[in-house]
Amino acid sequence: MSTGRVDRSWCVVVPHHATGARLARHRLADELAGLVPPALLADLVAVLAELVGNAVRHADPLPGGVVRVAWRLRPGRTGPLLSVRVTDGGAEAGPRMRAAGTDAVDGRGLHIVAGLASRWGVDRDGLGQSVWAEFDPADCRPDLIPAG
C-alpha cells in the first residue's frame, strides 16, 4: 500500500447535480484503492460526498453547470497525506457548521467533515469558492496508519 515518494494529483469535473457526488465518490475510490488504507479511503469518500453534496445543494455551479473536484496524495512521515478540494460558483452565505437538532434531516455535513478530516476550510477567489479537507495520518485514528 505504498505510494513511494511520489506526489500525485487528480482533478475531475462533475455535474452540479446529485449524480455529481456519486461520480466523484466512485472516481476517488477507483483511483486511490490500493494506495491508501481502506479505513482512510472510506473517510475520504464520505468527506468528498459531503462536500460535493453541499456544493450542489447550497452553491451556484461553475460555468458550464459543473463542480470541480480535486484530490492530492503525497508521502508523509507516518503515511500518505491526502487532501480533497471541491470548487463551486459560491453562494451568498459561505459554508458554516450549523447546530442540528436530533430530529433535523440535515445540518450535520460539516460536522462529519470536521470529525473525519485533520482540518478543513474555505478559500474564495474570483471563480467561486473551494471547500477543502486534509487528512494526515499523524492526526487520525490508529487504524488509518498503514502497518509496517
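Which value in nm describes the separation of the simple spin-label points at ALA39 and ARG119, placed 7 Å from the Cα toward the beta carbon?
2.3
Take ILE112, project a point 7 Å from its Cα along the Cβ direction, then tell me which residues of the stretch 39-68 have their backbone nitrogen under 18 Å from it.
Only 39-59 fall inside the zone, counting backbone N under 18 Å.
Taken together, the values in this text are just the output of simple stated rules run on the coordinates, not laboratory data. Just so it is clear, the model here is predicted, and its values are computed rather than measured. Positions of Cβ are generated from backbone atoms using ideal geometry, with glycine treated the same way; all protein chains shown enter the neighbour counts.
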